[in-house]
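The structure under discussion appears below in the form of structure tokens.
Values in this text are rule-based calculations from the coordinates and carry no lab data. Fair warning: this is a prediction, and the values are worked out from it, not measured in the lab. Quick reminder, even Gly has a Cβ in these numbers, built from the backbone with ideal geometry, and neighbours come from all protein chains shown.
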Number of protein chains: 2
Amino acid sequence: MSTHAISPDDAADIAQIRRFNRLVSQRIGALDQSYLQRGRPLGEARLIFELAPDGADLRLLRTRLGLDSGYLSRLLRSLERQGLVVVDAADDDARQRRARLTAKGAEERAVYDLLSDRLAQSLLASLSARERARLTAAMAEVERMLRVASVELRLVPADSADALGCLDSYFAELARRFDDGFDPSKHQAHAPAPGTPTPGSHIPETLFLVAYSDALPIGCGALLIEDAEVGEIKRVWVAPVARGLGIARKLLHRLEDLARQRGLAMLRLDTNRALAEAQALYRSEGYEPIARYNDNPYAHHWFGKRLEAEA
Amino acid sequence: MSTHAISPDDAADIAQIRRFNRLVSQRIGALDQSYLQRGRPLGEARLIFELAPDGADLRLLRTRLGLDSGYLSRLLRSLERQGLVVVDAADDDARQRRARLTAKGAEERAVYDLLSDRLAQSLLASLSARERARLTAAMAEVERMLRVASVELRLVPADSADALGCLDSYFAELARRFDDGFDPSKHQAHAPAPGTPTPGSHIPETLFLVAYSDALPIGCGALLIEDAEVGEIKRVWVAPVARGLGIARKLLHRLEDLARQRGLAMLRLDTNRALAEAQALYRSEGYEPIARYNDNPYAHHWFGKRLEAEA
DNA sequence: AGTGATCGCTGACTAAAGTCAGAGAATGTC
DNA sequence: GACATTCTCTGACTTTAGTCAGCGATCACT
């Protein structure tokens, strides 16, 4: 992070990534070529492709495709002339507009889909069943790792929209999974009010971490600083779509870093017996069972871990 | 091949490939973006990137980048004005010209290299050592399989330039690997003259297969049709860079297909004891040891395989 | 020396991609 | 109801990318 030089360890990995990019960009160039077969500029083709069957707001399209407002407008006008698209005002706000594919437009989109399939199919055609399996497995793995790499952990206010959104999903899941259900109010009772505390007050400070994948919140975790020595890990949660990628571990590591930065010597946490994978995570990270330290009605296990000072 | 419909078996694989393309094309788009940071059109940036330190023939550049002659000329003129490139005549033919980077151009190229590295590095930075290893391993695997998929087997005249080129490399390798060296003339003595035979003559017909990866010959294999019943497999070879990808097996399969198409009932071949991997290939493909059937001075093992009729 | 082919360059294009400054309508705010 | 704001659209651009025909120099072959 701090160093800009490239270590020899990295060099081989970087070379691999660059070779990979080079090769794959050829393939993707081929995809563009096949789109051009329809005698339509690539910009228009991409737009057709990006238009969901039930339409999309122009704002969204602009940000998603990175287009200038005037440019998008012109592209849509051209597609309208071709009878592939209609643009009409949004229901709630007549300034905003939505673009939808016509029946003819949907047909055209299906053709692009088919071209895309063909290209993929021609790739597969020259491979044996075993080679195919290896290719698709490796692709899935690359995809998974790229998603992991694009995950960003950000400290946000505990009462921000993204934090509350994650907590909602988290609590909903707890309600489903706990044997005896889950009532947030009962749980919140012994928790502190969110927000930044006034320094010197006795309200413990909460550091709230949200994990984003492409600006979409997909997980969270909090560190409660109880006093100068002890912190509590709480609300570590990852959205179901993003599980199995090691994101919970990443959140935990970051929370521990934060704790160390504050000079804390000890972290503790509680957990419910229904959350087996959480317990496995904590144990594998060096957390050990300790005596009950709170009166959380939903807790069955209490763990603690001693932190070494920062290097 | 014959069917245009997409089977349900394929559908999952195709979906995987398309997801993959989509995700990776975002990354590569990011790469293009980072190149544009230098305030130079992408075409020029790519050209700088493609120019090897010791220069390149314009012909080669045109084919490699797929550029029109006029267009390339203009790009080079622009880079010359910027003092990044010099174009001078080739040594042997004053019509041909070579482009080379100046010192300033080499610096600029280094900057692009660095940008590329940075992007790759930023990908790696957010991954743990294990995750990195998984990513690069999977990328290498995808690369390998894509290369396999792009291999094309073509029947060529046995005296074509590509065929002779492969044979040269093949014989050179045999000379290195055989305990007692290898002299092509001694080997050729008992082999038939290349070329298409006159039908009805007694000169056996030779089908010569060359494996191409991006128009580059990377392997070969031949089928000698001795009579209506028996064929001989000869000169199966794969360039060292392309080994471990199953190309030899592919060549062998295709030669067997050709033999079946001609109604042959039996294939045989000989091999030297130094070529262990070749023997392993033949055994795994159902070839079994048979009695010596020729007087090839370099052969130690003779294999045969019975062909079933075409389905 | 003559002839035909090859190679790269220039001029003259076109199409696509993208930018920017308003205009005009709808909405939110005081 | 005045005023600022938001959103899209249009007109008027520029830049990039790419194509095509023809020219002049050079080469290979006779």
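Odds and ends about this structure:
- 3J(HN,Hα) along the range B:290-299: 10, 5, 3, 10, 8, 10, 4, x, 9, 8 Hz, from the Karplus curve 6.51 cos²θ - 1.76 cosθ + 1.60 with θ = phi - 60°, whole Hz, x for Gly and Pro.
- Label sites at A:L60 and A:A299, each approximated as a point 7 angstrom past Cα along Cα to Cβ, lie 4.2 nm apart.
- Each peptide in A:102-110, B:243-251 was scored by the mean count of other Cβ atoms within 10 Å over its residues; highest first, the order is B:243-251, A:102-110.
- In order along the range A:96-104, phi translates into HN-Hα couplings of 5, 10, 10, 10, 10, 7, 7, 4, 4 Hz, rounded to whole numbers, per the Karplus curve 6.51 cos²θ - 1.76 cosθ + 1.60 with θ = phi - 60° and x for Gly and Pro.
- Each stretch of four or more DSSP H residues adds -39500 (n - 2.57); spread over every residue of the protein assembly as shown, this sum gives -15500 deg cm²/dmol at 222 nm.
- Relative to one another, the C-alpha centroids of the range A:19-50 and the range A:226-271 are positioned 43 Å apart.
- Across the range A:197-311, the mean sequence separation of Cα contacts (distance under 8 Å, 6 or more residues apart), normalised by length, yields a relative contact order of 20 percent.
- Prolate/oblate/rounded call for the range B:238-311, Cα gyration tensor, a/c under 1.5 rounded: oblate
- Label point 7 Å beyond Cα along the C-beta direction, distances from A:A265 to other copies (nm, shortest first): 9.1
- Amide H partners (placed H, <5 Å) of B:D159, local residues excluded: B:G195
- Along the range B:31-41 the Karplus relation, 6.51 cos²θ - 1.76 cosθ + 1.60 evaluated at θ = phi - 60°, assigns HN-Hα couplings of 4, 4, 4, 5, 5, 5, 3, 7, x, 10, x Hz to successive residues, with x for each Gly and Pro.
- Inter-copy label distances at B:Y293 (7 Å, Cα→Cβ; nm, one decimal): 8.0
- Remark: mean inter-chain Cβ contacts per residue of A:112-121 equal 4, using a 10 Å Cβ-Cβ cutoff to other protein chain atoms.
- Selected from A:V148, A:V241, A:V210 as most flexible by GNM, with chain A as the system and alpha-carbon contacts under 10 Å: A:V241
- Whether the protein assembly as shown is rounded, prolate or oblate, judged on the alpha carbon gyration tensor where a/c under 1.5 counts as rounded: prolate
- Under 5 Å between amide hydrogens, built in the peptide plane, is the criterion, and for B:A239 it picks out B:G219 among residues at least 5 positions away or on other chains.
- Close amide H contacts of A:G55 (hydrogens built in the peptide plane, cut-off under 5 Å, sequence separation of 5 or more or a different chain): A:L101.
- Nitroxide proxy distance, nm - points 7 Å out along Cα→Cβ at A:R118 and B:D227: 4.8 nm
- Residues A:D168 and A:E288, FRET efficiency given R0 of 35 Å [Cβ-Cβ distance, rounded to 0.05]: 0.65
- Part-to-part distance (alpha-carbon centres) for the range B:127-183 and the range A:78-102, which is given in Å: 53 Å
- Chain A, relative contact order in percent, only Cα pairs under 8 angstrom and at least six apart counted: 10 percent
- Label points for A:L23 are taken 7 Å from Cα along Cα→Cβ. From this copy to the others they lie 1.7 nm apart, shortest first.
- For the residues of A:125-132, the average number of beta carbons from a partner chain within 10 Å of their own beta carbon is 5.
- Shape of the range A:152-306, Cα gyration tensor, a/c cut at 1.5: rounded
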